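Presented below is the structure to which this report refers.
The values are calculated or read from the model by the stated rules, or taken from the named source; none is laboratory data. What you see is a predicted model; the values in this text were computed from it and never measured. All Cβ positions, even for glycine, are placed from backbone atoms using ideal geometry, and neighbour counts span all protein chains on display. Please note that ligands, DNA and RNA were not included when accessible areas were found on the heavy atoms of the full protein model with its side chains. Shrake-Rupley method; radii C 1.70, N 1.55, O 1.52, S 1.80 Å.
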Protein chains: 2
Amino acid sequence: MEAEQAAVVAPMFKALGDPVRLRLMSMIASVPEMCVCDLTPAFDLSGPTISHHLKVLREAGLVDSERRGTWVWYRVKPEAFRQLGALLDLPATTAPTTA
Amino acid sequence: MEAEQAAVVAPMFKALGDPVRLRLMSMIASVPEMCVCDLTPAFDLSGPTISHHLKVLREAGLVDSERRGTWVWYRVKPEAFRQLGALLDLPATTAPTTA
DNA sequence: CGTCTAGCTTGACAGATGTCAAAACAGGGT
DNA sequence: ACCCTGTTTTGACATCTGTCAAGCTAGACG
């Protein structure tokens, strides 16, 4: 793997390298999309902290978010998962999991 | 995913979340085993720094090392990869992509 | 307009992380 | 025994990270 590619992919792994973010990803991936209002109460952490972790996942390209009215909805970006899976020598399937 | 499982798996992702370690893994995984003496010169980093990164990979359970005479050899632990792969690879429950 | 709720941003701070130089450790060869 | 090379450990330091409190923004509803 070239340094260039590593610089792109490493942030994705890094984003998954925190137990809170890993659980957030798992929750988001378990349904088509998930509201922040349903994610936050699942953790013993402040709202700003959850918001921070979601931002890390967004900036790593692992999830997308969209505001619809009062609430903000998050969903996974399957192409990012395919990229990671390919690196782990997996049969390239399509989407992420409920983990 | 439960908090417990996340606490076990997150360190593996975290270990891969550094570009240097990702390239080290890639190099080690590309052959049956690889000598530290062949890993170090591939980077513009000091020996101790490479050794530190290898230690992180070891402690995450991603690689094993063995000293044979003068040199130390590293190889991947396939079972760790299977575990990560299982988390990333799954039937598509993916979201409606709105982009 | 005022206000309520949901979510994000800022600022601050303790603790973790990546890096190197220097020193220590391990083997092989002379 | 001595040194020489390869690897790890230790110590130090600047930067990054996870967390919270406080403040801010966005939209809904009277």
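Picking from residues in region B:51-83 that are open to solvent by 60 Å² or more (accessible area, probe 1.4 Å) and of a type in the set (S, T, N, Q), the one that is farthest from DNA strand D (Cβ to nearest atom) is B:Gln83.
A:Glu79 fulfils the conditions (1) modelled with pLDDT under 95; (2) of a type outside the set (A, V, I, L, M, F, W, C); (3) more than 12 Å from the chain's Cα centre (by Cα) except for a single criterion, (3). For A:Val31, are the conditions met, namely being assigned to a loop (DSSP other than H, G, I, E, B), open to solvent by 10 Å² or more (accessible area, probe 1.4 Å) and more than 30 Å from B:Asp44 (Cβ to Cβ)? Yes, satisfied. A count restricted to region B:2-17 and to residues that are surrounded by 20 or more Cβ atoms within 10 Å (Cβ to Cβ) and out of contact with any Pro (no Cβ under 9 Å at 6 or more places or on another chain) stands at 5.
Of all residues in region A:51-74, those satisfying the criterion of being farther than 25 Å from B:Phe81 by Cα and not in a helix (DSSP H, G or I) are A:Asp64, A:Ser65, A:Glu66, A:Arg67, A:Arg68, A:Gly69, A:Thr70, A:Trp71, A:Val72, A:Trp73, A:Tyr74.
Among the residues of region A:42-50, are any within 11 Å of another protein chain (Cβ to nearest Cβ), closer than 25 Å to B:Leu84 by Cβ and either open to solvent by less than 40 Å² (accessible area, probe 1.4 Å) or not in a strand (DSSP E or B) (or both)? Taking every residue of region A:42-50 in turn, at least one turns out to be within 11 Å of another protein chain (Cβ to nearest Cβ), closer than 25 Å to B:Leu84 by Cβ and either open to solvent by less than 40 Å² (accessible area, probe 1.4 Å) or not in a strand (DSSP E or B) (or both).
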